[in-house]
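Comments concern the structure below.
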Amino acid sequence: MTRPPTAAQRRVIDAADPVTGRLRGTEAQLAALVKRELAFRHPRPPHDHFLTPAGHRIREAEATVPAKAEAPAKAEAPAAGGVFAARIGGEEDSPATGPARVREVHSAWQGLLELRRMTNPDGATDRPCAWERTHLVQAAALALEAAGHRPAEQDFEEGYRVRATPQPEAVAVREPDGARLRACAATLEEAGWQVGEHAEPRTRARYLLASPRRA
């Protein structure tokens, strides 16, 4: 089992930014956290250090476990699945809501913007990158969830649902409330997607077709 962090390392972890996980500490403290995979050093200047998912779990456990408790096993266990997935709406097993989820979504969105900057030929962050074009549903869902839109729960109609379509570079976004559907459209457009509103032929229900903008 991995050794629990030292008291000094815990203080650095506990003082991390609650949203971004940004760390402050001495070079030795930060290097030790990186070595133990509780933190990582950002590859670009100013090369700040941030908590990894394992570091976040340690921090969350410290916030809820009495001070005398020593390194609970739950804090050391890997996250279920180990991979972040944005809410597409209507999932059978949706992740729990709360501050931890908000932080995960925020970090994922910031990571996607960095991926755009590094992989778009001109370094642009205002339009989707190649990864998003091969993960259309997840990319659109992340833009919506990061902007605070509410995904649909499995047994309820309210909330957005993002689904693939027969078109090669388009997703469908459904939201029964007209005002919230238009708000989803505005969010996707701001995130670099081309969006059009359409109506189902038989039900006349309104929905969006969204495609990543190329220029």
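On a per residue basis, the convex hull of the C-alpha atoms belonging to the stretch 1-40 measures out at 71 Å³. P(r) tail for the chain: Cα pairs beyond 26 Å make up 45% of the total. Multiplying the residue separation of ALA100 and HIS198 by 0.36 nm and subtracting their alpha-carbon distance yields 31.7 nm. The string of couplings for the stretch 48-60 from the Karplus curve (6.51, -1.76, 1.60, θ = phi - 60°) is 5, 9, 9, 5, 7, x, 5, x, 4, 5, 4, 4, 5 Hz, one whole number per residue in order, with x for Gly and Pro.
Apply 1/(1 + (r/R0)^6) to the Cβ-Cβ distance of ASP14 and ALA85, taking R0 = 25 Å, and write down the FRET efficiency to the nearest 0.05. After rounding, the FRET efficiency stands at 0.35. Ignoring the sites themselves, the chain has its longest run without GluC sites (Glu not before Pro) in a DSSP loop having at most 11 other Cβ atoms within 10 Å at 93-215. Reducing the stretch 85-128 and the stretch 174-208 to their Cα centroids gives an inter-centroid distance of 20 Å. Highest mobility in the GNM of the chain, judged by mean-square fluctuation with C-alpha springs under 10 Å and restricted to GLN138, GLN154, GLN194, is found for GLN154.
Full extension of the chain segment joining ALA205 with ASN120 gains 27.0 nm, where the gain is 0.36 nm per residue of separation less the Cα-Cα distance.
Using a cutoff of 8 angstrom between alpha carbon atoms and counting only pairs six or more residues apart, the relative contact order for the chain works out to 14 percent.
Provide the percentage of antiparallel DSSP beta bridges, counting only those with both residues in the chain; round to the nearest 5. Roughly 95 percent of the DSSP beta bridges within the chain come out antiparallel.
No value in this document is a laboratory result; all are computed from the given coordinates. If you're wondering where the values come from, they're calculated on a predicted model, not measured in any experiment. Please note: Cβ atoms are built from the backbone with ideal geometry, for glycine as well, and neighbour counts cover all protein chains shown.
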